[in-house]
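Heads up, the thing below is written out as structure tokens.
Bear in mind that the values in this text are calculations on the coordinates, not laboratory data. For clarity, every value in this text was computed on a predicted model and none was experimentally measured. Quick reminder, even Gly has a Cβ in these numbers, built from the backbone with ideal geometry, and neighbours come from all protein chains shown.
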Amino acid sequence: MTTSSSPNAARVINYDADGYDYRHFWDGRDYEQWAETRVIRRLLQPLSTIDWMVDLGGGFGRNVPLYLRYASHVVLIDYSWTNLKNAEATLLPNGPNERVFLIRGNIYHLPFRDSAFDVGATIRVLHHLAATNEALAEMSRVIARNWLLDVPIKHHLLARAKAMAQGQSRQLNDWSPNSIGTPEEPFYNFHLDAIRTRLEEAGWSPRLVASVANFRRWERAVPRPARSLVRPVIYGAERVAQRAGRGWWGPAQFLWLSRGDRPAPSPGPTPAQSVPGINLWLAPPWNLLAPRLRCPRCAGDLVWAANAAACSTCQGTYARTGAIWDFVVE
Ligand SMILES: C[S@@+](CC[C@H](N)C(=O)[O-])C[C@H]1O[C@@H](n2cnc3c(N)ncnc32)[C@H](O)[C@@H]1O
């Protein structure tokens with residue numbers, strides 16, 4: 001993986017470089033998937049209705065089938081063509097439909113209107129976002145009600161043990177992010193309080209809901225013949241650690257953010273209204289998606305056709321390839 005530049009923002013990690021296929025990262029990681037699914041279910045199930053949900057940096061749509069159990073419509077946005085094409089192949093094998101929408105875009109310049117979504121999720125993405133505050137503000141702008149945010153922390157148990165052995169504990173307590181990547185492959189982890197405070201300033205009430213996948217790669221430490229015996233112990237321990245380990249055990253800490261005083265999602269004008277006389281009729285399913293989008297470059301209204309959208313203000317154009325709309329601003 002490498003990075004590519006984006007205007008006025010940090011570089012974006014490039015998951016398409018060198019033929020990388022993120023799906024293979026998940027080979028043999030059933031435990032981690034189970035651990036995440038358990039938390040997501042617990043949080044989404046009690047919500048009475050989710051009309052529109054957004055998966056920010058959703059990759060190849062690993063969690064979209066789960067989100068579809070609770071949400072009427074899911075929009076996945078990601079920068080990577082490879083991931084999006086894989087998402088298209090698995091989530092939309094029969095072509096576009098009215099429940100799943102795929103957008104190529106950059107989290108620093110989202111093509112969505114304010115409060116376009118009831119609920120959002122950002123899982124395993126924050127560690128790549130070097131301009132963290134800008135990214136948090138931009139993601140926050142488009143979510144109205146609830147947001148599940150996976151925060152990679154620098155002060156987890158293993159990091160503390162290592163830092164203590166090296167006499168470097170102090171740097172885990174300050175609020176600056178810790179960079180463990182390269183300019184090509186940015187990888188940060190954070191102090192939880194720094195992220196929490198930033199989100200509170202943006203009007204969210206954060207609740208720390210789980211420490212997730214606390215025994216990663218446990219299979220490596222256990223010989224194959226013993227794994228089926230150990231598995232129930234690990235899964236049981238994960239259930240306990242998800243609650244007891246909040247804020248300190250594992251590197252992945254899930255925040256559930258709420259805000260009650262925002263108006264319900266307010267889609268913009270329908271395409272027909274935005275430019276009278278043009279786009280009087282936009283075919284389904286794009287007529288459902290279009291009112292939630294705006295120009296990622298200038299925030300202007302878009303004029304829609306079946307295969308392209310054009311900004312009525314800055315003349316930016318955004319094309320559709322198959323089921324994927326490309327809203328990356330180069
Ligand atoms: C580790 S993967 C996680 C994917 C998915 N959330 C999951 O959990 O399976 C990180 C994803 O974030 C995407 N990403 C990173 N920076 C981004 C940015 N600035 N804008 C959009 N997507 C980004 C990458 O393309 C990649 O698909």
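Could you run the Karplus curve 6.51 cos²θ - 1.76 cosθ + 1.60 with θ = phi - 60° over region 145-157 and give me ³J(HN,Hα) per residue in whole Hz, x for Gly and Pro?
10, 9, 8, 9, 10, 8, 9, x, 9, 8, 10, 6, 4
Roughly speaking, what is the stretch gain from TRP81 to ALA299, that is 0.36 nm per residue apart minus the C-alpha to C-alpha distance, in nm to one decimal?
76.1 nm
Which one of CYS298, ALA241, THR122 is farthest out on the positive end of the charge dipole of the chain, using unit charges on Cβ (Lys, Arg +1; Asp, Glu -1) and the Cα centre as origin?
My answer, from the dipole projection, is ALA241.
Could you please report the charge total around ASP301, scoring K, R as +1 and D, E as -1 over all other residues with beta-carbon less than 14 angstrom from its beta-carbon?
Spelling it out: positives minus negatives among the neighbours equals +3.
Residues in region 172-214, backbone N under 16 Å from the label point at ARG38 (7 Å along the Cα-to-beta-carbon vector): list them, ranges by number please.
Counting backbone N atoms under 16 Å from the label point, the list is 209-214.
For the pair GLU330 and ALA244, how long in nm is the line joining their label points, each one 7 Å along Cα→Cβ?
Each label point is offset 7 Å from its Cα along the Cβ direction, giving 5.4 nm.
Can you work out the Karplus-derived ³J(HN,Hα) for every residue in region 209-215? Use 6.51 cos²θ - 1.76 cosθ + 1.60 with θ = phi - 60°, whole Hz, and x for glycine or proline.
9, 6, 9, 10, 6, 6, 10
Label region 159-215 by shape, choosing from rounded, prolate and oblate, from the square roots a ≥ b ≥ c of the eigenvalues of the Cα gyration tensor; if a/c is under 1.5 it is rounded, and otherwise prolate applies when a/b is larger than b/c, oblate when it is not.
Prolate shape, in that a/c is at least 1.5 and a/b is the bigger ratio.
Regarding the chain, what are the three Cα extents along the principal axes, ordered largest first, in Å?
68, 43, 41
For region 190-196, what does the Karplus curve 6.51 cos²θ - 1.76 cosθ + 1.60, with θ = phi - 60°, yield as ³J(HN,Hα) per residue in whole Hz, taken in order and with x for Gly and Pro?
Using θ = phi - 60°, the values come out as 10, 8, 4, 5, 5, 5, 4 Hz.
Beyond 20 Å, what share of the Cα-Cα pairs of region 38-131 remains, rounded to the nearest whole percent?
In whole percent, the share of Cα-Cα pairs in region 38-131 beyond 20 Å is 33.
Quick one: if you take sqrt(5λ) for each eigenvalue of the C-alpha gyration tensor of region 71-211, what semi-axes come out, biggest first, whole angstrom?
31, 18, 13
ALA163: net charge of surrounding residues, Cβ under 14 Å, Lys/Arg +1, Asp/Glu -1, itself excluded?
+3
Give me the percent relative contact order of region 75-128, please, defined on Cα pairs under 8 angstrom at least 6 residues apart.
42
Report the full-extension gain for the segment LEU288 to ALA319: residue separation times 0.36 nm, less the Cα-Cα distance, to one decimal in nm.
9.5 nm
Could you pull out every residue, at least 5 positions away or on a different chain, whose amide H is within less than 5 Å of the one on VAL75? Hs are placed 1.01 Å off N in the peptide plane, and Pro or chain starts have none.
Long-range HN contacts for VAL75: MET53, VAL54, ASP55, PHE101.
Taking the chain as a Gaussian network, Cα atoms linked when under 10 Å apart, which of ARG11, ARG294, ARG41 shows the biggest mean-square fluctuation?
ARG41
Where a ≥ b ≥ c are the square roots of the eigenvalues of the C-alpha gyration tensor, would you call region 149-266 rounded, which needs a/c under 1.5, or, failing that, prolate if a/b is larger than b/c, or oblate?
Cα axes put region 149-266 in the oblate bin.
In nm, to one decimal, how far is the THR49 label point from the ASP18 one, both placed 7 Å along Cα→Cβ?
My value for the distance between the label points is 4.8 nm.
Classify region 30-72 as rounded, prolate or oblate from the Cα gyration tensor: take a ≥ b ≥ c as the square roots of its eigenvalues, call it rounded if a/c is under 1.5, otherwise prolate when a/b beats b/c and oblate if not.
oblate
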